Amino acid sequence: MEIVFEYVRKRSEFGRPCNFSDWPAQVTLDIPPDPSLASDFILRCPVDSSVQHTSEMAAHEVNTERMEVESRGVNHVEGGWPKDINPQEKEHTARFRKKVEKEENYVNTIEHLSTLMEHYVRQNNTINIYEEYFEEEEMVELEDESPCAKTINILRDPNVIKRMATHISWNPNISEKLAVAYSNLQFQHSTKNMSFDSYIWDLENPNNPELSLTPSSPLVCLEYNPKDTNILVGGCYNGQMTYWDIRKGELPVEVSTVEVSHRDPVYGAIWLQSKTGTDCFSASTDGQPPPTACPPQVLWWDIRKLSEPTEKLILDISGNEVLKDALGAATLEFEPTLPTKFMVGTEQGIVIACNRKAKTPQEKITGTYTGHVGPIYTLTRNPFYPKIFLTVGGWAARIWSEEIKESPIMCTKNHLSYLMDGCWSTMKPAVFFTAKSDGTLDVWDFLFKQKEPTLSVKVCNESLYSLCLQDTGSVMACGSEQGTITLLQISSGLCTLQRNEKNLANAMFERETRREKVLEARYRERRLKERVHSVVLDVDEEERQKEETPQELFARTRSEYLETIQAEMKKMGIETQLPQDKVQHGEGKKDEKEKRKDEEKKKEDEEKKKEDEEKKKEEDEKKKDEEEKEEKDEEKQKDEEEKREKDEEEKEEKDEEEKKEDEEKKGEKVEEDTLEES
């Protein structure tokens, strides 16, 4: 409820209104001088008075000129380009620049501005107005401050039947607004009267939501468009994709059809980096195909046309695109700095790295990372180091490097409660947050502690389902099972970048990756040795079983037994003679040893031949790859030559058009001149 107090007062109690008017000056009182009062005063002698007759000078010769500030307004078009020119096309912008640079007015203005710029640059070099003189003292204060988090506000689900806050998204431009998706992921506990609405909240008015979003099915995820904050995309519980334009109201602008949508809840929907800003992709845990179609787990969409997806991908590791062998997608990750790469976290605890621009299904899946026991609920890249990413699932959080796929480089301890969500800090490279099912928020700083969290805050008694950190890194929004959004103010020590912190974090990540590489190489060597040893033992046993008869086996074991007895007796100083059978068997054993040596040589020769054949195959494959690369390079060169020819033809056509226009203008001028003369 919003608290409002009204002040009631009659108009007559405010007083009379003030009516101002202009009147000429009037003499109300005139006091003439009285000479009799002069005896009461004494004249001062001498009289000292200061008069300034010269201009004020600077106190020191180093002082700069005084800077006068003026307020001016400029009408600026996006990009500084005219309406007729598209700034995203390089050809149009290059032509426009050439035309403008040839104008005399442009050259004169640039020369005039260059002198002013040189003056102000030199002035700024003499005195740095932004210099901080007490950086060291501030750093010491931050280090001494103990980490903490304070609750600044709570946003509650306005409905009677509470639902889970499954996803939170901050407005990229307005830091005081956030969108929250509410849904009940436990199908057995759903009721008929449960609301489908999700809300956009304004922190200045936390009692009531600013806008309600009404979908056809409850929203599981909801994301702001980074290019246009008036547009939001959402993934529904029934698998449909929707998007809203806040300027048009609470109803969705367009909804995808059920036939081409997912069959399970959409657990991830992320905007892609594109020129139009309308592309996004979604992920779901589709497991069984419907009778009419076979929906994949990852779909690409263009919100301008949601009637069908623009691209599809089935998460089959083998690359055969068999839905029975596919893994269910539980979370998505996309980094704008790596536009062609994206990653998918699955229900089976495997992270799949994919390449969107690959042509074949086998090339689209570039690698896998295995390390979690249960589903992966969060997959995010480090904002400072894109090759490092965080996964949250099961009872622990793990930090991975793209270079190592066998094991994570760092991980947290196993908690007693389940981890539900996590995110990196936007200000510190080694700090990340995790939410647990017991209602606790953990803050980890791996530069300070690695075995235990730096800060643990009991946010609420129910389970935490979602986390989202503000871009400034100082406010954390936590969504719970009962739909309450708790806003926490993080202490400055956990959201302020310290000196050399980036270098230290980078060194820590590189050190851990090197260590994991060494351990991985040793593990592989050990596995190879064990395999080779097991293969050799198996071959020896098989050969012995094939060659030796039962009588020969008995004779060999008897001779070995007698040899061991003789060796022990020699150690004790007792001389003995072996029986005739033993000598004969010993001679037979020598022959057998020689045979075995010959057989081992044959095996070695065969292995060498096999290795040579494999090397030849590898060389042939390399040659084929080189030939394919050369063919691709030739095709690229042909395409470039065709593009150049097209560009030259277009330029010639445009030049001819410009010449025609110039000739027409000249003809018009000549006609005007003749008319004036006549």
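Confirm whether residue 310 is open to solvent by 50 Å² or more (accessible area, probe 1.4 Å), at pLDDT 85 or above, closer than 25 Å to residue 169 by Cβ and not small (Gly, Ala, Ser).
Answer is yes for this residue.
Going through segment 217-242 one residue at a time, which ones are surrounded by fewer than 22 Cβ atoms within 10 Å (Cβ to Cβ) and among the hydrophobic types (A, V, I, L, M, F, W, C)?
231 - this is the single residue of segment 217-242 that is surrounded by fewer than 22 Cβ atoms within 10 Å (Cβ to Cβ) and among the hydrophobic types (A, V, I, L, M, F, W, C).
Could you please tell me which pairs satisfy a Cβ distance under 8 Å, a separation of 6+ or placement on different chains, a first residue in segment 99-118 that is under 19 Å from residue 82 (Cβ atoms), and a second residue that is open to solvent by 80 Å² or more (accessible area, probe 1.4 Å)?
As it stands, the answer is 100/106, since those pairs meet every condition given.
Looking for something part of a loop (DSSP other than H, G, I, E, B) and open to solvent by less than 20 Å² (accessible area, probe 1.4 Å) - is there at least one such residue anywhere in segment 474-481?
No, segment 474-481 contains no residue that is part of a loop (DSSP other than H, G, I, E, B) and open to solvent by less than 20 Å² (accessible area, probe 1.4 Å).
Checking the conditions here, which among 258, 266 is under 27 Å from residue 343 (Cα atoms), open to solvent by 60 Å² or more (accessible area, probe 1.4 Å) and either at pLDDT 90 or above or aliphatic (A, V, I, L, M) (or both)?
Exactly one residue qualifies, and that residue is 258.
For the subset of segment 550-596 comprising residues that are open to solvent by less than 100 Å² (accessible area, probe 1.4 Å) and polar (S, T, N, Q), which member is modelled with the lowest pLDDT?
It comes out as 576.
Just checking, does segment 514-534 include any residue being open to solvent by 70 Å² or more (accessible area, probe 1.4 Å), modelled with pLDDT under 85, farther than 30 Å from residue 205 by Cα and among the β-branched types (Val, Ile, Thr)?
Yes, segment 514-534 contains a residue that is open to solvent by 70 Å² or more (accessible area, probe 1.4 Å), modelled with pLDDT under 85, farther than 30 Å from residue 205 by Cα and among the β-branched types (Val, Ile, Thr).
Looking at (1) modelled with pLDDT of 80 or more; (2) within 30 Å of residue 535 (Cα to Cα), which is the one condition that is false for residue 599?
Status for residue 599: all satisfied but (1).
Right, residue 249: closer than 30 Å to residue 341 by Cβ, open to solvent by less than 30 Å² (accessible area, probe 1.4 Å) and among the small types (Gly, Ala, Ser) or not?
no
State whether the residues of segment 352-367 include one that is touching an Asp or Glu at 6+ places or on another chain (Cβ under 8 Å), open to solvent by 40 Å² or more (accessible area, probe 1.4 Å), closer than 26 Å to residue 397 by Cα and polar (S, T, N, Q).
yes
Looking for something within 20 Å of residue 90 (Cα to Cα) and open to solvent by 100 Å² or more (accessible area, probe 1.4 Å) - is there at least one such residue anywhere in segment 657-664?
For segment 657-664, residues within 20 Å of residue 90 (Cα to Cα) and open to solvent by 100 Å² or more (accessible area, probe 1.4 Å): absent.
Name every residue in segment 428-473 that is among the charged types (D, E, K, R), closer than 20 Å to residue 410 by Cα and open to solvent by 10 Å² or more (accessible area, probe 1.4 Å), in order of residue number. Reasoning before the result, please.
Residues of segment 428-473 among the charged types (D, E, K, R): 428, 436, 438, 442, 445, 449, 451-452, 458, 462, 471.
Now drop any that are not closer than 20 Å to residue 410 by Cα, which leaves 428, 436, 442, 445, 449, 451-452.
Within segment 428-473, 436, 445, 449, 451, 452 meet the criteria.
Before we move on, is residue 85 part of a loop (DSSP other than H, G, I, E, B), aliphatic (A, V, I, L, M) and modelled with pLDDT of 75 or more?
Taking the combined requirement at face value, the residue satisfies it.
Considering only residues that are out of contact with any helix residue (DSSP H, G or I) (no Cβ under 9 Å at 6 or more places or on another chain), polar (S, T, N, Q) and assigned to a loop (DSSP other than H, G, I, E, B), which ones fall in segment 331-389?
Across segment 331-389, the qualifying residues are 337, 340, 348, 360.
Each row is one residue, and each column tells you yes or no for (1) open to solvent by less than 10 Å² (accessible area, probe 1.4 Å); (2) within 19 Å of residue 270 (Cβ to Cβ); (3) hydroxyl-bearing (Ser, Thr, Tyr).
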| position | (1), (2), (3) |
| --- | --- |
| 373 | no, no, no |
| 380 | no, yes, yes |
| 390 | yes, yes, no |
| 418 | no, no, yes |
| 421 | no, yes, no |
| 426 | no, yes, yes |
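Could you tell me whether any residue of segment 612-629 is closer than 29 Å to residue 93 by Cβ and part of a helix (DSSP H, G or I)?
Scanning segment 612-629, I find no residue that is closer than 29 Å to residue 93 by Cβ and part of a helix (DSSP H, G or I), so the answer is no.
Does segment 363-395 hold any residues that are over 18 Å from residue 284 (Cα atoms), among the small types (Gly, Ala, Ser) and touching a Leu at 6+ places or on another chain (Cβ under 8 Å), and which are they?
394
In segment 204-246, what count of residues is obtained for those that are charged (D, E, K, R) and at pLDDT below 90? Outline the logic, then answer.
Our first condition is that a residue be charged (D, E, K, R); within segment 204-246, this holds for 204, 210, 223, 227-228, 245.
Imposing the further condition that a residue be at pLDDT below 90 reduces the set to 204, 227-228.
Number satisfying all stated conditions: 3.
The values are calculated or read from the model by the stated rules, or taken from the named source; none is laboratory data. Note that this is a predicted model, so its numbers are computed, not measured. Using ideal geometry, Cβ is built from the backbone for each residue, glycine included, and neighbour counts are taken over all protein chains shown. Surface areas here come from the heavy atoms of the whole protein model, side chains and all, with no ligands, DNA or RNA. Shrake-Rupley method; radii C 1.70, N 1.55, O 1.52, S 1.80 Å.
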